[in-house]
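Student: Encoded as structure tokens, here's the structure I'll be asking about.
The values are calculated or read from the model by the stated rules, or taken from the named source; none is laboratory data. Just so it is clear, the structure is predicted and the values come from calculations on it, not from any experiment. No Cβ is skipped: glycine too gets one built from the backbone with ideal geometry, and neighbour counts run over all protein chains shown.
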Amino acid sequence: MSDVMEDTYLDALRADLEASLPLIWGRRITSIFIGGGTPSLLSGAGVDRLLSDIRTLLPIAAECEITLEANPGTFDAERFALYKAAGVNRLSIGVQSFNDDRLKALGRIHDARQAGVAIDIAHRHYQNFNLDLMYALPGQSLGEMQMDLEQAIAAAPPHLSVYQLTLEPNTIFAKHPPVLPDEDAVAAMHDWVEQRSAEAGYRRYEVSAFAQPGRECRHNLNYWTFGDYLGIGAGAHSKISFPHRIVRQVRFRQPSTYLQRAGGRQFVAESREVTRNELPFEFMLNTLRLTAGVAANSFAERTGVPLTSIEPELNEAERRGLLVRDHVVLKPTALGMRFLTDLQSLFLPTQPGGADTHPRRA
């Protein structure tokens, strides 16, 4: 990224944040996630400027978790040392696989050697980092997947995110679906991930997230418990709660459009209020991902809707053995975690809505 382009984009980010301040006055910032695209292309000075601008405009908690999402193909020891000096205290490294053939099939710009270099740099400069892995890749066997996980565990990251590949709409894979492992193979991969990660000392605290003790991702825990977040920059999503309503925003997706609109201080492409009818599903869509469940009283606190409004759905989830609950907690069972989509769908609104399925970062 050229210096001029970087400065232009950072100018827009600051203006975006300034325009958003009235929505979040008085809120203390406990996590910052620099993601989307390839933010590790930013210079050390660029990251320093970005975080300095945020600190100038917002009250940042002393223990704030500041994560930067990084592609292994962009790692440079000096630059990542500068990121740390700027205040970044956690990395999320998108390894995806240690198999070069699988990486090519995914269209990744890095190879297994670069992934190893990235992990080495992370160990030298950061006490806390995450490795992203994917499984059920085109042409992947159970043995290959096991080798990927073994290499990830051998790298000793404090946090692991292990996702099953899904074919997203409007992608090349969606238009030209590859041959993926069958259901039995995927189930065997899923079981191996659970078993092997536990043996290696990683606790599964979310459907796709595994952490060493005390290394859970604070940023993700916030939105998995239906907390608020402000997103600035091209394509960023926000969820902001007010006393009697919850608003979701989406920034202009294309960087060129975002920068063009920034000149007129127009950053938000879409803003809408979440309807009362949508709130139960939106809450359950996120919180049911947590293996420990969520406090029962947080439903009313976060949505403004009484828990009794979804009593029939809760009863049905219990009847199917997908959920357990008492006056303290709502918690998916092991079966509920395995068939999470079935559990979440019980809370779908009766009218079509816009539930948030976006966040899954670590």
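Student: Yes or no: segment 108-129 includes at least one residue that is farther than 20 Å from residue 183 by Cβ, in a loop (DSSP other than H, G, I, E, B) and touching a residue at least 60 places away in the same chain (Cβ under 8 Å).
Tutor: Keep residues of segment 108-129 that are farther than 20 Å from residue 183 by Cβ, which gives 108-129.
With in a loop (DSSP other than H, G, I, E, B) added as a condition, the list becomes 108-111, 126-128.
Add one more test, that the residue is touching a residue at least 60 places away in the same chain (Cβ under 8 Å), and what stays is 128.
So far as segment 108-129 goes, yes, one or more of its residues are farther than 20 Å from residue 183 by Cβ, in a loop (DSSP other than H, G, I, E, B) and touching a residue at least 60 places away in the same chain (Cβ under 8 Å).
Student: List the pairs whose first member sits in segment 157-178 and is over 17 Å from residue 132 (Cβ atoms) and among the hydrophobic types (A, V, I, L, M, F, W, C), whose second member is surrounded by fewer than 19 Cβ atoms within 10 Å (Cβ to Cβ) and modelled with pLDDT under 65, and whose Cβ atoms are under 9 Å apart, counting only residues at least 6 apart or on separate chains?
Tutor: Listed by first residue and then by second, the contacts come to 167/173; 167/174.
Student: Looking only at segment 33-50, filter to residues that are in contact (Cβ under 8 Å) with a residue 40 or more places away in the chain and under 11 Å from residue 87 (Cα atoms); which one of those is surrounded by the fewest Cβ atoms within 10 Å (Cβ to Cβ)?
Tutor: Filtering first and then ranking leaves 44.
Student: Looking at the structure I just gave you, is residue 102 among the basic types (Lys, Arg) and out of contact with any strand residue (DSSP E or B) (no Cβ under 9 Å at 6 or more places or on another chain)? It would help to see each step written out before you state the result.
Tutor: On the way: among the basic types (Lys, Arg): yes; out of contact with any strand residue (DSSP E or B) (no Cβ under 9 Å at 6 or more places or on another chain): no.
Considered against the rule, which asks whether it is among the basic types (Lys, Arg) and out of contact with any strand residue (DSSP E or B) (no Cβ under 9 Å at 6 or more places or on another chain), residue 102 comes out as no.
Student: From the list 37, 94, which residue is closer than 19 Å to residue 124 by Cα, in contact with a Pro (Cβ under 9 Å, 6 or more places away or on another chain), assigned by TED's automatic domain parsing to the domain that holds residue 143 and not in a helix (DSSP H, G or I)?
Tutor: On the way: 37 fails: closer than 19 Å to residue 124 by Cα.
Criteria check complete, one pass: 94.
Student: Could you list, in sequence order, all residues of segment 51-61 that are of a type in the set (A, V, I, L, M) and not in a helix (DSSP H, G or I)? Break it down into steps so the answer makes sense when it comes.
Tutor: So in segment 51-61, the residues of a type in the set (A, V, I, L, M) come out as 51, 54, 57-58, 60-61.
Scanning segment 51-61 gives 58, 60, 61.
Student: Between 7, 53, 100, which is at pLDDT below 95 and surrounded by fewer than 18 Cβ atoms within 10 Å (Cβ to Cβ)?
Tutor: Numbers: 7 fails: at pLDDT below 95; 53 fails: at pLDDT below 95.
None of the others qualify; the one that does is 100.
Student: Filter segment 10-32 for residues that are among the acidic types (Asp, Glu) and either surrounded by fewer than 19 Cβ atoms within 10 Å (Cβ to Cβ) or without any contact (Cβ under 8 Å) to a residue 24 or more places away in the chain (or both) and give the result. Quick ask: steps written out before the conclusion?
Tutor: Our first condition is that a residue be among the acidic types (Asp, Glu); within segment 10-32, this holds for 11, 16, 18.
Those that are among the acidic types (Asp, Glu) and either surrounded by fewer than 19 Cβ atoms within 10 Å (Cβ to Cβ) or without any contact (Cβ under 8 Å) to a residue 24 or more places away in the chain (or both): 11, 18.
Student: Right, here's the next one. Tell me whether segment 150-158 contains one or more residues that are more than 16 Å from residue 197 (Cβ to Cβ) and assigned to a loop (DSSP other than H, G, I, E, B).
Tutor: Here is the first cut: in segment 150-158, the ones more than 16 Å from residue 197 (Cβ to Cβ) are none.
Among the residues of segment 150-158, not one is more than 16 Å from residue 197 (Cβ to Cβ) and assigned to a loop (DSSP other than H, G, I, E, B), which makes the answer no.
Student: Name the one entry in 11, 48, 16 that is under 28 Å from residue 123 (Cα atoms) and outside any strand (DSSP E or B).
Tutor: Details: 11 fails: under 28 Å from residue 123 (Cα atoms); 16 fails: under 28 Å from residue 123 (Cα atoms).
The conditions single out 48.
Student: Let me ask something else about it. Can you tell me which residue is modelled with the lowest pLDDT among those in segment 170-199 that are assigned to a loop (DSSP other than H, G, I, E, B) and surrounded by 15 or more Cβ atoms within 10 Å (Cβ to Cβ)? Walk me through it before giving the result.
Tutor: Of all residues in segment 170-199, those assigned to a loop (DSSP other than H, G, I, E, B) come to 170-171, 176-182.
In the following step, the residues that additionally are surrounded by 15 or more Cβ atoms within 10 Å (Cβ to Cβ) were identified as 180-181.
On the way: 180: 88, 181: 92.
My answer is 180.
Student: Of a type outside the set (S, T, N, Q) and surrounded by 21 or more Cβ atoms within 10 Å (Cβ to Cβ): which single residue out of 300, 269, 236 fits that description?
Tutor: Step by step, each of 300, 269, 236 is checked, and only 236 is of a type outside the set (S, T, N, Q) and surrounded by 21 or more Cβ atoms within 10 Å (Cβ to Cβ).
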